[in-house]
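Have a look at the structure below before the remarks.
The values are calculated or read from the model by the stated rules, or taken from the named source; none is laboratory data. These numbers come from a predicted model, not from an experiment. Here the Cβ positions follow ideal geometry from the backbone for every residue, glycine too, while neighbour counts run over all protein chains shown. In case anyone asks, the SASA skips ligands and DNA or RNA and just uses the protein heavy atoms, side chains included. Shrake-Rupley method; radii C 1.70, N 1.55, O 1.52, S 1.80 Å.
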Amino acid sequence: MNYKIEIPSLKLDFKVPPSKSVVHRELIIGFLEAVKEGRGVNEQSGVPERSVVPERSVVPERSVVPEALEGPHKIQSIITPQETDNDDIRATRACLKALYEASQSDATEVYMPCNESGSTLRFMISVGAAYLNYVGLAQKKKLVFLPKGRLIDRPLDQLITCLAERGVTVVVDKEKNEITVEGVLTPGCFVIQGNVSSQYISGLQMALILLPDFTVELDGPLESKGYYELTLNILKSHNDGALRQAQGPQGQSISEGDWSSAAFLLCLGALVPDGQIILHGLNKDSLQKDKIIISILEQLGFTFTWNNSSVELTARPDINKTRELELNLDAADYPDIVPYIAIVSTAYTKSTSIKNIERLHFKECDRVEATINALKAAGGNAYEKDGTLYITGGHNAAGELSVSTYNDHRMAMTACLVAAWTGRPVLIDNKECVKKSFPGLFEVITPGVPEHVEGAQD
């Protein structure tokens, strides 16, 4: 089934949805804290009062106290999905619910419906192992993650190696489309490479809430440092005793708007002729690295005005001048918005190079290939070489265009940007995939609501 997108104008005054990055972490940390409080904690040592920290590799079986966990309303509010949740946040809530209910079931397998959420999977592998260890179920139960889409193919090697050194086995079974996690954690240091995914480190750091006799050590430089600092900052704001790396600025809150969503909307406003856009609920000093979009658009000559947590696009560049620009960017800290940047830079620059895009090959789709194909569909010119995307400005789009979403929310949004950039109708094959990060997106950017094309097939 195909849908037609047309975005001839834009007048948007909108509060950006809460940051997915913040909400994932708030839910997990809140859950772990409630679990720890439910079992009773010695505030000075951070060690559960009903247990003794083991000095050998086998953790003694502890009696699980479901009623202690059922009391606080906090856990129920965390594991209950909300109407405004995107699909990724629903996945994290569902996995936390599975952990909570594991204490009340005789089943040996705890099914974790992570779906297509890479963040959920990478956080919850460590957090889930720590939970089973903490409540004394690590010898009786194993976690079974149920990924969807391409998630089973996305790399986990460094995390698998790290956990294996501490007694936990992670097995990726592509035939069954399952990832199993089992084993008793042995006290010590989690040593993990820092240059692959900061989410590995964040998951381990959050797991320390239930693992007072463990530490985390980075091997090599840290990738996406801002998101790790975000984790540390949220831990610090919760004043948790497990935080043993007092780093990162203060001031994050769950109400902070999502800069990934904001980046898309700001690019849309930049591409629609005379588009008017005001976004609310954003933190100008956010640790979310996707806020770089403001700086990139400013390099192109756009002007923005801030009023507390609101930002407005107030001036546009002379496109004849921007056509002489040669932009060189490094996307190591903001890979998710590369497709958006690619469309905007094609529209406004002579040429653009974006390096450190290798991780985009392993997202919900191969976003490097998908972005190049989207540009080519509009008559643009782009190619990849040695981890860098090279783009030549301009297009020769004519008639109705077709851009595949590859069932990827970012590519559905990229198709919207193509429609805004070219001024042409664009057919997409999936409008539902945006629920992964931005439910209600198409209603927000009216009149860009996709029109169903009768008789068209995928």
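Please determine whether any residue of region 206-214 is surrounded by fewer than 24 Cβ atoms within 10 Å (Cβ to Cβ), at pLDDT 95 or above and either among the small types (Gly, Ala, Ser) or under 17 Å from the mean Cα position of the chain (by Cα) (or both).
No, region 206-214 contains no residue that is surrounded by fewer than 24 Cβ atoms within 10 Å (Cβ to Cβ), at pLDDT 95 or above and either among the small types (Gly, Ala, Ser) or under 17 Å from the mean Cα position of the chain (by Cα) (or both).
Among Gly226, Gly188, which is open to solvent by less than 10 Å² (accessible area, probe 1.4 Å), over 12 Å from Ser126 (Cα atoms) and small (Gly, Ala, Ser)? Show your work before the answer.
Working: Gly188 fails: open to solvent by less than 10 Å² (accessible area, probe 1.4 Å).
Unique residue meeting the criteria: Gly226.
Spot the failing condition for Tyr406; the list is (1) part of a strand (DSSP E or B); (2) buried (at least 18 other Cβ atoms within 10 Å of the Cβ), and only one is missed.
The number of the failed condition is (1).
If you go through region 115-133 one residue at a time, do you hit one that is out of contact with any strand residue (DSSP E or B) (no Cβ under 6 Å at 6 or more places or on another chain), assigned to a helix (DSSP H, G or I), open to solvent by 10 Å² or more (accessible area, probe 1.4 Å) and among the charged types (D, E, K, R)?
Looking for residues that are out of contact with any strand residue (DSSP E or B) (no Cβ under 6 Å at 6 or more places or on another chain), assigned to a helix (DSSP H, G or I), open to solvent by 10 Å² or more (accessible area, probe 1.4 Å) and among the charged types (D, E, K, R), one finds at least one in region 115-133, hence yes.
Test Val434 against the criterion of being in contact (Cβ under 8 Å) with a residue 12 or more places away in the chain, out of contact with any helix residue (DSSP H, G or I) (no Cβ under 6 Å at 6 or more places or on another chain) and closer than 21 Å to Ala262 by Cα, and give yes or no.
Numbers: in contact (Cβ under 8 Å) with a residue 12 or more places away in the chain: yes; out of contact with any helix residue (DSSP H, G or I) (no Cβ under 6 Å at 6 or more places or on another chain): no; closer than 21 Å to Ala262 by Cα: yes.
Spelling it out, it is not the case that Val434 is in contact (Cβ under 8 Å) with a residue 12 or more places away in the chain, out of contact with any helix residue (DSSP H, G or I) (no Cβ under 6 Å at 6 or more places or on another chain) and closer than 21 Å to Ala262 by Cα.
Hey, can you tell me all the residues within region 138-153 that are under 15 Å from Thr180 (Cα atoms) and open to solvent by 10 Å² or more (accessible area, probe 1.4 Å)? Step through it out loud before you land on a result.
Start the filter on region 138-153 by keeping residues that are under 15 Å from Thr180 (Cα atoms), which leaves 138-148, 151-153.
Ala138, Gln139, Lys140, Lys141, Lys142, Leu146, Lys148, Ile152, Asp153, listed by residue number.
Of everything in region 271-328 that's among the acidic types (Asp, Glu) and part of a strand (DSSP E or B), which residue is surrounded by the fewest Cβ atoms within 10 Å (Cβ to Cβ)?
Glu326
Which residues, taken from region 11-28, are open to solvent by less than 10 Å² (accessible area, probe 1.4 Å) and in contact with a helix residue (DSSP H, G or I) (Cβ under 6 Å, 6 or more places away or on another chain)?
Quick first cut of region 11-28, residues open to solvent by less than 10 Å² (accessible area, probe 1.4 Å) only: 16, 19, 22, 24-25, 28.
Passing the criteria: Val16, His24, Arg25, Ile28.
Quick one: in region 426-456, of everything that is among the β-branched types (Val, Ile, Thr), buried (at least 19 other Cβ atoms within 10 Å of the Cβ) and outside any strand (DSSP E or B), which residue is modelled with the lowest pLDDT?
First, the residues of region 426-456 that are among the β-branched types (Val, Ile, Thr): 426, 428, 434, 444-446, 449, 453.
Going one step further and asking which of them are buried (at least 19 other Cβ atoms within 10 Å of the Cβ), we end up with 426, 428, 434, 445.
Checking the rest, the ones that are also outside any strand (DSSP E or B) come to 434, 445.
Working: Val434: 95, Ile445: 91.
If we take residues in region 426-456 being among the β-branched types (Val, Ile, Thr), buried (at least 19 other Cβ atoms within 10 Å of the Cβ) and outside any strand (DSSP E or B), then Ile445 is modelled with the lowest pLDDT.
Within region 59-67, is there a residue that is outside any loop (DSSP other than H, G, I, E, B), at negative phi, at pLDDT below 50 and open to solvent by 40 Å² or more (accessible area, probe 1.4 Å)?
yes
Report the residue count in region 329-365 for those that are in a loop (DSSP other than H, G, I, E, B) and open to solvent by 70 Å² or more (accessible area, probe 1.4 Å). Explain how you work it out, then say what you get.
Step one: of region 329-365, the residues in a loop (DSSP other than H, G, I, E, B) are 331-334, 349-350, 356-357, 363-365.
With open to solvent by 70 Å² or more (accessible area, probe 1.4 Å) added as a condition, the list becomes 350.
Of the residues in that region, 1 qualify.
Please determine whether any residue of region 159-177 is touching a Lys or Arg at 6+ places or on another chain (Cβ under 9 Å) and within 19 Å of Arg25 (Cβ to Cβ).
Checked against the condition, which is being touching a Lys or Arg at 6+ places or on another chain (Cβ under 9 Å) and within 19 Å of Arg25 (Cβ to Cβ), region 159-177 yields at least one hit.
State the number of residues belonging to region 382-401 that are assigned to a strand (DSSP E or B) and touching a helix residue (DSSP H, G or I) at 6+ places or on another chain (Cβ under 6 Å). Walk me through it before giving the result.
First pass over region 382-401, keeping only residues assigned to a strand (DSSP E or B): 382-385, 388-392, 401.
Going one step further and asking which of them are touching a helix residue (DSSP H, G or I) at 6+ places or on another chain (Cβ under 6 Å), we end up with 382, 384, 391, 401.
So the answer is 4.
Mind checking which residues of region 381-427 are closer than 19 Å to Cys365 by Cα and either of a type in the set (S, T, N, Q) or more than 27 Å from the chain's Cα centre (by Cα) (or both)?
Thr388, Ser402, Ser404, Thr405, Asn407, Thr414
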